[in-house]
Amino acid sequence: MNSVPDPLLGTVIEGRYRIRARIARGGMATVYKAQDEKLDRDVALKVMHPHLADQTEFVDRFHREALSAAKLSHPNVVSVYDEGTFELSGSDRSAYLVMEYINGDDLRTALSRRGSFPLGMALEITRQVLSGLGNAHQAGLVHRDVKPENVMLAQGEELTAKVTDFGLVRAMAAARATNSGTVLGTVAYLAPEVLQEEISSRSDVYAAGIMLYELIAGDVPFRGETAIAVAYKHVNDNMPRLSTIAPWIPSSVDSLIGLLTAKDPEQRPANGNVARDRVQEVLSNLDDIVAKRRIAVTPTNLEKRHSSPGQQSPEGAHDTRAFTPAHKTALLTAPPETKRKHSRGHELARQRSGSNEVDSSTSSKLWRWLIILLLVAASAAGIFWYFTAGPGMRISLPDVTGRQEQAAVEILEELELTPVVERDYSDDVREGFVISTDPAVPAEMARDEEVTVTVSLGIEQVEVPSVIGLPRDTAADLLSGSRLEAEFEEDYSDTVPEGNVIEQSIPPTTEVDHSTVVVLTVSLGREPVQIPNVSNQTADEATQTLTDQGIEVDIEEAYSDDVPEGVVISQSSLGSGYRGDTVTLTVSLGPELFEVPDVYGMNRDEATRILNDAGFEVEYDNFLGGVFHQVRDQSIPAGEMHPRGTVITLIVV
């Protein structure tokens, strides 16, 4: 059961909203999870179907209603952030709406899973919904389509219900020409006055009351074969009382629902806030134990609730009562008095026809009645067999969703149905458990009829591709094509060019759940640094200073008459640079040393020349006037190493 990939996945709308995953698809729009790359947050992106964008009335109404909805700010209302249109392909355009992303199910999905809600939880959800509606009513907005599909349940420590899609019903009506009398909203929750297009905040209150009934009972109060039939019941039928289904439900709950769903809108609370306060009163006085109780919804008691007086049996055309011959049944079930009157009539007839005919007439009629009775009995037995054990037998399909595969198959086989197992991936149902059946419950089946049972393969696993070294957008597209989501971090790199992927959080070829987020670290290029001046620092100090900045250090040495040994004389670069650059430091060896020549016994002038040539300065100490000009000693012994310019004193005699 493969599906065609959605062409919008991975698309960036208006250069800002990157579509990550499809959440849901409806008759008017498709909802996606998207990333607002400007504000770095998840959003819900509702993309209207393209044919609506061709209708000017719809686009204008959509724009106005989106602006109105965007002004709402309430914890129980899904926030609207942005709206507009964008080009799909070629000349086609579509309108879109950007909303707060709610990490949770809509109320319809939650109700389908649970069947019904505990009484206290149902009241709390309705209280929050009415609080959100009340905020809109104060702003002059009417929702017009309050139903479980338009209520989101946010995940968190506390239950939070949020109303969504304010104004979209009015925009949709523009595409359906409301001036022709089109009724807005969903018929199961439609207030009586809406049929006359008299819509107000009290109409939202009515729909919330119907929804409260459904959350508690597991089903709406009015059903019918057609939308008109359901609408007729909203106008004419009394609201059923929940206490007739579950006697433990307090009368205050029935009274509350009756108040919210009063036929006359003037008898209902004026707006969501007033209705919210009435719900809060009932909640505050609700016993804790009763608040945790709920109506257990099963196919059996669902059928009972759906069959109200005057309503067609759930079996419809398969109801055996529709095939029982009425006149024969009347004879079989007639009271004794009727039978006696019938017999007396025949007795008078026999008396008028004469005594000779009495015996034969009586015998003939007895046989005739006996044959009729036998035929009727045979017919009834045949009909009973046909519908209870024969080909006409109808079997109520049990709900096996959520059951383990083998258990589901055994249940269907025990009812003489033929299960056909198919398999598909599911994000919600564990591997080996039933996702759905075709047909779905409720359904009436013939013996040996096939029931397709779709069993979960678990969450679809996909292989993580290798994207290291690729440009950011290419890597993101590759992950999106593998049904994975990309999130980005940034870091400097000495080796990976700016804008390319340095590393990925999940190694390539790893098998993971589809839609898993893979964090990609994208290169900012080489990290810029400032190269400080380390002249006059010791070699060790200078090396440490540069290393702390991420700079590599090379050392060269040179003699210096001015800079002490071990101190930096100069450096190869200074100022702006990049982490990983190499700076060469020239470190002083101190002054260069020269060997002192041996001038003992030489003439003073020759000794002076030799010492001067070796770089030394010469002074004299004349002994007895130094008249012989002969060197008899030198202040620094020959062979020692000394720097250029060192003064050597010669003892001259």
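Computed quantities for the displayed model
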{"item": "Scan of segment 525-547 for residues that are closer than 30 Å to Arg644 by Cβ and in a loop (DSSP other than H, G, I, E, B), ordered by number", "result": "Asn533, Val534, Ser535, Asn536, Gln537"}
{"item": "Every residue from segment 118-176 that is polar (S, T, N, Q) and modelled with pLDDT of 90 or more", "result": "Thr126, Gln128, Ser131, Asn135, Gln138, Asn150, Thr160, Thr164"}
{"item": "Segment 469-483, residues that are touching a residue at least 40 places away in the same chain (Cβ under 8 Å) and under 25 Å from Gly580 (Cα atoms)", "result": "Arg472"}
{"item": "Only listed residue being over 17 Å from the mean Cα position of the chain (by Cα) and either modelled with pLDDT of 90 or more or surrounded by 18 or more Cβ atoms within 10 Å (Cβ to Cβ) (or both), chosen from Ala95, Ala110", "result": "Ala95"}
{"item": "Test set (1) assigned by TED's automatic domain parsing to the domain that holds Gly580; (2) touching a residue at least 12 places away in the same chain (Cβ under 8 Å) - Ala486 fails condition number", "result": "(1)"}
{"item": "Leu88 vs. criteria within 30 Å of Phe488 (Cα to Cα), surrounded by fewer than 18 Cβ atoms within 10 Å (Cβ to Cβ) and modelled with pLDDT of 90 or more", "result": "no"}
{"item": "Condition met for Leu123 (hydrophobic (A, V, I, L, M, F, W, C) and crowded, with 17+ Cβ neighbours inside 10 Å)", "result": "yes"}
{"item": "Unique match (being assigned to a loop (DSSP other than H, G, I, E, B) and in contact (Cβ under 8 Å) with a residue 24 or more places away in the chain) among Gly224, Gly209", "result": "Gly224"}
{"item": "Residues of segment 619-637 classified as modelled with pLDDT of 90 or more and loosely packed, with under 12 Cβ neighbours inside 10 Å, total", "result": "2"}
{"item": "Any hit, segment 511-520, residues being surrounded by fewer than 15 Cβ atoms within 10 Å (Cβ to Cβ) and under 30 Å from Leu589 (Cα atoms)", "result": "no"}
{"item": "Candidates Ile13, Ile19 - the one that is closer than 29 Å to Thr454 by Cβ and either among the aromatic types (Phe, Trp, Tyr) or at pLDDT 75 or above (or both)", "result": "Ile19"}
{"item": "Among residues of segment 429-453, those that are within 11 Å of Glu405 (Cβ to Cβ) and touching a residue at least 40 places away in the same chain (Cβ under 8 Å), counted", "result": "1"}
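The values are calculated or read from the model by the stated rules, or taken from the named source; none is laboratory data. Bear in mind the structure is a predicted one, so any value in this text is a computation, not a measurement. FYI the Cβ positions are ideal-geometry reconstructions off the backbone, even for glycines, and counts take in every protein chain you see.
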